[in-house]
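Presented below is the structure to which this report refers.
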Amino acid sequence: MSAEGKPILVIGGGIAGMTAAVEAAEYGCRVVLVEKEAYLGGRVLRTHRYFPKMCPPACGFEVNSRRVRENPRIAVHTLSTVKAISGRAGAFRVRIRRRPRFVTGDGYLDATMAAGLTATRADEFNLGMNRIAPLYLPHPMAFPAAFVVDRESLSDADGAKLLQHCPPGAIDLDMAEEDLEIEVGAIVVATGWRPYDASRLDHLGYGRCPNVVTNVMVERLAARDGPTGGEIVRPSDGAKARHVAFVQCAGSRDENHLPYCSAVCCMGSLKQVRYLRDKNEGARATVFYIDIRTVGRHEDFYHELVGIDGVSFVKGKVARIDEIPVSRNLRVHLEDTLAGTARHDEFDLVVLATGIVPNTAELPTGDGQVPFPLPRDGYGFLAGGTLGDGIFAAGCVKRPSDVSRVTKDATAAALKAVQCLNGRR
């Protein structure tokens, strides 16, 4: 059955946005998919493995990117943000701003053409843990598979080299932003999430102690295409991590930071304990927790680690982390709730399980926001799946969720958008 008429606007090209787009398009609707990054896939694509099956996200992403690529009903706008929305259900007017890639597509580009350029750009895909040249492919599986020039980090000298090395006409450093005006019938908001800012957790040492890292950083350290080629190492000296503390609820379930549970942090840390054990032979892991929250069938994922030699679980909220001079190891201070004793344990690496913050919470201007008022709860999550007549929410912008729940939720949002169009034909 087809659903001709005005398209559905999907804001956000992560797993929720891609799912909503392909489900609506395969039903028969036209879709405009807008993503602020240079590629689709969102934060899920930066993970090393999914839980509980421990398969790489590239598997599911390859399927979804093919569905997007092969469906003529989907128009994809990357490096783009929605700047204005007006109108009503069935007749929304939308202004989209597209930032330039500075790459025209006239001529084949590859990584060798950036070889002579200075690595001045922080690699955002790897969370800034390494630097890359200003001409770059965002990541090996990027969709669209198109290079980008970071104009701000490109010096005049490197700009001249770039124009010399690349095929004539392939680079246009004078490209400008452009605005696109469209009409749509319904809107799906799938702007996703960001990790809580660990630098706000002064007592846990992030930013003060180089060997205190976050859970999202470990995903990139474990990935073969990450900044260390898949090695879980200490940032201070590049040595393999041998004794690692995983600190749960770093900022979560805390009235001073995030009062809520972020739902996926426990499973994420259990997954990362497996990374450590697989990659660093003989490495030991200690998980400091308030509660281990593994819902439903995921309980087995936890119990498989209990009792394994070299893996221990300590119930207690970490009060402070200090760096030990010279070795740059970390001292973790807490009260062992079950034993009723104070602990001051030493580790060579500490991983903070930071929580999920919706991109509709307070942010720097324009970063993932939607340019019209939406009902939010006290934490910044969008309140409910239906945000107004013709506007629907999907994924972690509504609540912290794992990938399985996000895809189901996005399918439901797509169905609501389709029903909205069909009710107004």
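The values are calculated or read from the model by the stated rules, or taken from the named source; none is laboratory data. For clarity, every value in this text was computed on a predicted model and none was experimentally measured. Heads up, the Cβs are rebuilt from the backbone with ideal geometry, glycines too, and the neighbour counts pull from every protein chain shown. For accessibility, only protein heavy atoms count, side chains too; no ligands or nucleic acids. Shrake-Rupley method; radii C 1.70, N 1.55, O 1.52, S 1.80 Å.
For this structure, a couple of remarks:
- Of all aspartates and glutamates in the structure, the ones whose alpha carbon falls short of 19 Å from that of Lys416, not counting any fewer than 8 places away in one chain, are Glu4, Glu23, Glu26, Glu183, Asp389.
- With Cα atoms defining each centre, the range 152-195 and the range 93-116 are spaced 6 Å apart in the structure.
- DSSP bridge orientation in the chain - percent antiparallel, rounded to nearest 5: 55
- Cβ-defined net charge surrounding Ile290, 14 Å radius [Lys, Arg +1; Asp, Glu -1]: -1
- With all pairs of different C-alpha atoms in the average, the Kirkwood value for the hydrodynamic radius of the range 281-370 is 16.0 Å.
- Here, the range 143-288 yields an orientationally averaged convex hull projection of 14.6 nm² when only Cα atoms define the hull.
- In the structure shown, the pairs Lys6/Lys36; Lys161/Lys279; Lys36/Lys279; Lys6/Lys53 are assessed against 29 Å; a Cα-Cα span above that value is assigned to Lys161/Lys279; Lys36/Lys279; Lys6/Lys53.
- About its Cα centre, the chain has a charge dipole of approximately 860 debye under the convention of +1 per Lys or Arg Cβ and -1 per Asp or Glu Cβ, with nothing else charged.
- The P(r) of the range 193-236 has a tail past 15 Å containing 46 percent of all C-alpha pairs.
- Counting all C-alpha pairs of the range 46-197, share separated by more than 23 Å (%): 52
- For the range 267-425, the equivalent ellipsoid derived from the Cα gyration tensor has semi-axes of 41, 20, 14 Å, listed largest first.
- Cα-based shape type of the range 228-325, given that a ≥ b ≥ c are square roots of the gyration tensor eigenvalues and the cut on a/c is 1.5: oblate
- Here the ratio of the Cα radius of gyration of the range 385-425 to 2.2 N^0.38 Å is 1.21.
- When the chymotrypsin sites (Phe, Trp or Tyr not before Pro) in the range 62-134 are filtered for DSSP coil states and for at most 14 other beta-carbon atoms within 10 Å of their beta-carbon, the remaining sites are Tyr108.
- Coordinate range of the alpha-carbon atoms in the range 140-219 per principal axis, descending: 53, 47, 23 Å.
- Per-selection metrics, the chain (Cα): Rg and Dmax in Å: 22.8, 71
- Helix-only CD estimate at 222 nm, as mean residue ellipticity for the chain, using -39500 (n - 2.57) per DSSP H run (n ≥ 4): -6000 deg cm²/dmol
- Neighbourhood net charge (15 Å Cβ-Cβ; Lys/Arg +1, Asp/Glu -1) for Met18: +1
- As a rough guide to protection, the peptides 181-188, 338-345, 137-144 ranked by mean Cβ packing within 10 Å, highest first, stand as 181-188, 137-144, 338-345.
- Electrostatic dipole magnitude of the range 209-295 [Cβ: Lys, Arg +1; Asp, Glu -1; Cα centre; debye, to 20]: 260
- Think of a 1.4 Å ball rolled over the protein heavy atoms: the range 1-84 then has 37 Å² of accessible area per residue.
- The calculated Kirkwood hydrodynamic radius for the range 57-117 is 15.5 Å, given to one decimal from all distinct C-alpha pairs.
- Cα gyration tensor shape of the range 72-154, rounded if a/c is under 1.5, else prolate or oblate by comparing a/b with b/c: prolate
- Sparse packing (at most 14 other Cβ atoms within 10 Å of the Cβ) combined with a DSSP loop state is found for the following trypsin sites (Lys or Arg not before Pro) in the range 192-226: Arg208, Arg224.
- Paramagnetic reach from Arg88 (point 7 Å along Cα→Cβ, amide N under 20 Å) across the range 375-390: 375, 386-390
- Using the average count of surrounding beta-carbon atoms within 10 Å as a protection proxy, the listed peptides 271-283, 12-24 rank, highest first, as 12-24, 271-283.
- In the chain, a dipole from Cβ-located charges (positive for Lys and Arg, negative for Asp and Glu) runs towards its positive end, and of Asn130, Leu334, Val295 it is Val295 whose Cα lies farthest in that direction.
- The range 3-96: relative contact order in percent, alpha carbon pairs under 8 Å with at least 6 residues between: 29
- Under 12 Å, Cβ to Cβ, from Pro140 - net charge with Lys/Arg +1 and Asp/Glu -1: -1
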